[in-house]
1. When residues of region 230-249 are filtered for being assigned to a helix (DSSP H, G or I) and over 19 Å from Pro23 (Cα atoms), how many remain?
2. Scan region 295-336 residue by residue and report those that are within 16 Å of the ligand (Cβ to nearest atom) and in contact (Cβ under 8 Å) with a residue 24 or more places away in the chain.
3. Looking at Ala317, Ala332, can you tell me which residue is touching a Pro at 6+ places or on another chain (Cβ under 7 Å), outside the structural domain of Glu255 (by TED's automatic domain parsing), at pLDDT 90 or above and not in a loop (DSSP other than H, G, I, E, B)?
4. For Gly87, state whether it is out of contact with any helix residue (DSSP H, G or I) (no Cβ under 8 Å at 6 or more places or on another chain), under 20 Å from Gly4 (Cα atoms), within 12 Å of the ligand (Cβ to nearest atom) and touching a residue at least 24 places away in the same chain (Cβ under 8 Å).
5. Can you pull out every residue in region 250-272 that is under 16 Å from Pro323 (Cα atoms) and in a helix (DSSP H, G or I)?
6. Which condition does Thr203 not pass, out of (1) closer than 30 Å to Pro296 by Cα; (2) of a type in the set (S, T, N, Q); (3) crowded, with 22+ Cβ neighbours inside 10 Å, if it passes all the others?
7. Just the residues that are within 16 Å of the ligand (Cβ to nearest atom), at pLDDT 95 or above and aliphatic (A, V, I, L, M), please, taken from region 250-279.
8. Wholly within region 127-229, which helices (runs of 4 or more DSSP H) include no fewer than the required count, namely at least 1 residues that are of a type in the set (Val, Ile, Thr)?
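The values are calculated or read from the model by the stated rules, or taken from the named source; none is laboratory data. Everything quoted here is computed from the prediction, not taken from an experiment. Ideal geometry is used to build each Cβ from the backbone, glycine not excepted, and the neighbour counts take in all protein chains shown.
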Amino acid sequence: MAGGLPRPRGILRAGQGSGAMTPALVLEDLWVEAGPTDDPLVLVRGVDLTVGAGTVVGLVGESGSGKTVTCMSALGLAGRGVRITRGSVRAQGTELVGADEATMRRVRGGVVGTVFQDPLISLNPLQRIGDQIAEALVLHRGGRRRAHRDRVISLLARVGIPAPEERVRAYPHELSGGLRQRVAIAMAIANDPAVLVADEPTTALDVTVQAQVLDVVRTATRDEGRAALIVTHDLGLVAEVADRVAVMYAGQIVEEGPVGSVFAAPQHPYTQGLLASRPVLAPGRRRLHAMPGRPPLPGAWPSGCAFAARCSNVDEACTDPPPVHQGDDGWARCWRPADEGPPDRTEAQKGAA
Ligand SMILES: Nc1ncnc2c1ncn2[C@@H]1O[C@H](COP(=O)(O)OP(=O)(O)OP(=O)(O)O)[C@@H](O)[C@H]1O
């Protein structure tokens with residue numbers, strides 16, 4: 001499916017935080033495909049997302065909804081054959097769609113730091129961790145590796161690596177998973193990027209270590225006033241570190257808004273289902289609500305609302321692409337958002353145009 005879908009208004013305003021600065025990261029009407037160009041598989045369709053300066057946005061959704069493909073293609077890191085076919089990605093005002101490799105290298109690690117689920121993706125197993133962080137500094141700030149030694153040690157200390165003067169000489173395999181992820185975060189923030197993109201930064205870790213690394217993520221983002229886009233399945237992590245949340249389903253963002261209001265009063269039935277299926281340790285609560293059905297795969301998305309087949313609130317309007325229900329500081333892509341009754345279809349379609 002190509003072409004126009006209803007889009008939220010004022011995406012530059014949403015998530016911009018209090019300052020009137022350039023947003024750290026803006027994805028505007030982003031479409032991503034894979035496979036042969038004459039028979040493409042659409043993976044992401046019309047994603048609009050703004051990460052304001054100093055704002056932390058959590059990107060959530062079930063497995064396969066397109067969270068990773070969205071972030072990786074925005075940063076030019078998606079695999080071969082995955083391509084942006086439409087839209088714009090701006091990091092601190094620099095356009096990345098169609099940018100040359102030199103610009104992408106300057107932006108990645110300079111303006112945007114990245115943290116992946118598996119720290120071994122960003123770390124070279126054959127090089128001491130201190131040298132790797134120093135190299136990231138040399139690449140963006142010049143000078144020799146040795147000249148950055150003090151900063152390397154202070155970065156390791158900042159992410160809570162014990163005895164950083166000694167650990168600086170360690171190889172990645174000599175560290176535990178939690179310490180490796182701390183090193184990956186130190187490397188990602190080495191050049192003081194305006195925005196951090198973290199894909200499931202705590203998922204691969206033991207539960208106790210997850211909490212420690214979450215603290216490091218919180219320090220590197222909220223506490224240091226850095227913007228961040230954090231991809232996660234973990235709604236608890238979003239509640240802990242994010243200011244805003246974007247909910248993704250079948251290659252689209254279906255709801256976006258401040259964490260407090262989205263969690264308290266989700267507008268989209270999918271967001272309601274995700275929140276209801278969250279494990280909560282509460283007295284008397286024994287069973288989890290499981291959302292029926294599974295998300296449709298790329299290539300099998302219906303022309304109307306992709307969530308309709310699983311939605312308990314579905315009606316005949318939902319066979320058409322849903323309009324954007326615009327709130328004061330957020331939006332949902334739904335014919336029947338929680339705040340509204342059944343749609344006046346003519347009015348909604350006018351609003352979607
Ligand atoms: N190179 C590719 N070619 C074809 N399909 C792909 C490619 N990369 C990803 N996909 C498909 O795109 C969809 C979205 O994948 P993605 O990894 O972005 O999902 P996700 O929401 O991040 O899921 P998870 O939470 O499991 O990481 C999936 O159906 C995946 O199989």
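1. Residues in region 230-249 being assigned to a helix (DSSP H, G or I) and over 19 Å from Pro23 (Cα atoms): 6 in total.
2. Once the filter is applied, which keeps residues that are within 16 Å of the ligand (Cβ to nearest atom) and in contact (Cβ under 8 Å) with a residue 24 or more places away in the chain, region 295-336 yields Pro295, Pro296, Leu297, Pro298, Gly299, Trp301, Ala306, Phe307.
3. Ala317
4. Spelling it out, it is not the case that Gly87 is out of contact with any helix residue (DSSP H, G or I) (no Cβ under 8 Å at 6 or more places or on another chain), under 20 Å from Gly4 (Cα atoms), within 12 Å of the ligand (Cβ to nearest atom) and touching a residue at least 24 places away in the same chain (Cβ under 8 Å).
5. Pro269, Tyr270
6. The failed condition is (3).
7. Ala250, Ile253, Val254
8. By residue number, 129-141, 149-158, 177-189, 207-218.
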